[in-house]
Amino acid sequence: VSLSGVRAATGALLATADGVGAFWKIPRAPGKWSPSQVVEHVARIMEESANVVAGVPSAFPTIPFPLRPIVRLLVFKRILRRKAFLKMKAAEAMDPPTGSATPKQARVRLEVVLTRFDRACRARAASGQDVASTIFGAVPVADFARFQELHVRHHHLQLPR
C-alpha cells in the first residue's frame with residue numbers, strides 16, 4: 001500500500017505551518033481554527049485513524065452497522081471520487097480547543113502519529129484485511145489512506161499563506 005500521498009500532504013501542511021509566524025495561534029476568522037488548532041485536528045484524526053486501522057478502540061463515533069454502507073457511499077466514496085473533502089463539522093473529540101504552542105512541537109506530534117498511521121496501514125495491508133471503520137464499515141487500506149490524504153489537503157488550504 002502506498003502512503004506517499006498522505007506523507008506528501010502532511011509534509012506540505014507542516015511546511016506551510018512553519019511559515020505562519022505570528023499567526024500560529026490566531027484564528028483566520030471568528031469561529032474558525034488557528035493554524036495551531038488545524039494541525040492539532042489533523043493530528044487527532046490521524047491518531048484515531050491509526051487506532052481504527054490497528055483494530056483498537058478509537059474516539060470516532062460508531063455508526064449503526066446497517067447505516068455504514070450508506071455513509072460509505074454518501075461520504076467516503078464521494079470524497080474519494082471528487083478527490084476533495086466535503087464541508088463537514090468535526091466530531092467533538094476531534095475539535096481541538098488549543099493546539100501545540102509552536103509549529104516545531106506540532107511537527108513532532110504530527111510526525112509521530114503519521115508514523116503510527118503508516119505502520120498500522122502497512123501491517124493491515126500485509127494481513128490482507130480491509131480497515132474495519134466504525135463509521136464506513138470495511139474499506140480497503142489504500143482507500144482509507146487516500147481518504148486521510150484528502151483530509152490533510154483539505155485542512156492545508158485553511159492555513160494562511
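The values are calculated or read from the model by the stated rules, or taken from the named source; none is laboratory data. Note that the coordinates shown come from a computational prediction; the quantities given were computed from them, not determined experimentally. Cβ sites come from the backbone with ideal geometry, for glycine too, and all protein chains shown count toward neighbours. Heads up: the accessible areas ignore ligands, DNA and RNA and are worked out on the full protein's heavy atoms, side chains in. Shrake-Rupley method; radii C 1.70, N 1.55, O 1.52, S 1.80 Å.
Only Lys, Arg, Asp and Glu carry charge here, each on its Cβ (+1 for the first two, -1 for the last two); on that basis the chain has a dipole of about 480 debye about its Cα centre. Each of VAL56 and ALA84 was given a label point 7 Å from its Cα along the Cα-to-Cβ line. The distance between the two points is 3.7 nm. In percent, rounded to a whole number, the relative contact order of region 102-161 is 18, using alpha-carbon pairs under 8 Å and six or more apart.
Any idea what angle helix 103-127 forms with the longest principal axis of the chain, computed on alpha-carbon atoms, 0 to 90 degrees, nearest 10? Tilt of helix 103-127: around 10 degrees. Sequence-distant contacts, meaning Cα pairs under 8 Å at least 6 residues apart, place the relative contact order of the chain at 43 percent.
According to the square roots a ≥ b ≥ c of the eigenvalues of the Cα gyration tensor, what is the shape class of region 18-80, taking rounded for a/c under 1.5, prolate for a/b larger than b/c otherwise, and oblate for the remainder? Cα axes put region 18-80 in the prolate bin. Packing order of peptides 81-87, 42-48, highest average first: 42-48, 81-87 (average count of other Cβ atoms within 10 Å over each peptide's residues). Between LEU74 and VAL108, take the C-beta separation as r, use R0 = 41 Å, and let me know the FRET efficiency to the nearest 0.05. Taking R0 as 41 Å, the efficiency between LEU74 and VAL108 is 0.70. In this simple spin-label approximation, THR98 and ASP18 carry label points 7 Å from Cα along the Cα→Cβ vector, and these lie 2.5 nm apart. Full extension of the chain between SER127 and ARG161 gives 8.1 nm of extra length, using 0.36 nm per residue less the Cα-Cα distance. Counting only protein heavy atoms and a probe of 1.4 Å, the accessible surface of region 9-161 is 60% carbon and sulfur. Axis angle, to the nearest 10 degrees, between helix 4-18 and the longest C-alpha principal axis of the chain: 20 degrees. For the listed residue pairs LYS83/LYS104; LYS25/LYS87; LYS25/LYS83; LYS32/LYS83, the alpha carbons are over 27 angstrom apart in LYS83/LYS104; LYS25/LYS83.
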